[in-house]
Amino acid sequence: MENQEYAGFWIRFGAVLIDLVVIIIVCFVPLTLIYGEEYWVGEQLYYGFWDLIFSYILPFVATIWFWLRFFGTPGKMALRLKIVDAKTGGKLSLGQAIGRYFAYIVAALCKVKFIGNTSLNKHRLQFYSPVIRISANIKASQLVKTEKHIVNSFVNFFYTHPLTS
């Protein structure tokens, strides 16, 4: 792990923006179609089964799955970043991934800012899972195969698990 280049704040922020676009399309568009304008202007905290699925369960499961399967979310993959175990440089364990997910929630609730300073980034306490840059020696064909696999996985999942009964 010593020779890895740690990703700074701005590139990780860019990855979050890409992920936000994906979340809006995958989660919030269906919620708007299901619940209508009331979903956005109403004062309820919980609107029903589909709200639970698209607002909480799907983002949690998808994020953990992406971290474990592809070393990062679509935004991180697009910007050639990886989330790795700090000790081994390999994939996160399930426990690390879940801990990392909830660490983001706690940080947001406590208004703790993740500082992108590279020297601080090396010592982040997010379950020892820094974000690093993918080295340039990875072939573009490997990234294309990964992207195709992601699309095929989603298509297969929704084909075999339709949202309506």
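Things worth noting here:
- 3J(HN,Hα) couplings calculated from phi for region 31-40 with the Karplus curve 6.51 cos²θ - 1.76 cosθ + 1.60 (θ = phi - 60°) are, in sequence order, 4, 5, 5, 6, 9, x, 4, 4, 4, 8 Hz; Gly and Pro show x.
- Coil-residue GluC sites (Glu not before Pro) of region 11-83, DSSP, other Cβ within 10 Å capped at 11: 37, 43
- Estimated distance in nm for a label pair at residue 20 and residue 45, the labels positioned 7 Å out from Cα along Cα-to-Cβ: 2.4
- Nitroxide proxy distance, nm - points 7 Å out along Cα→Cβ at residue 58 and residue 9: 3.2
- Equivalent ellipsoid dimensions for region 43-96 as semi-axes, Å, which come from the Cα gyration tensor, largest first: 29, 12, 8
- Between the beta carbons of residue 28 and residue 133, assuming R0 = 22 Å, the FRET efficiency works out to 0.15 to the nearest 0.05.
- Amide H contacts under 5 Å for residue 72, placed H, 5+ residues apart: 67, 83
- Extension gain, residue 110 to residue 65, is 13.6 nm, computed as 0.36 nm per intervening residue step minus the present C-alpha separation.
No lab work stands behind these numbers, since they all come straight from the coordinates. Here the structure is a predicted model, which is why all the values come from computation and not from measurement. Cβ atoms come from the backbone with ideal geometry, glycine included; neighbour counts cover every protein chain shown.
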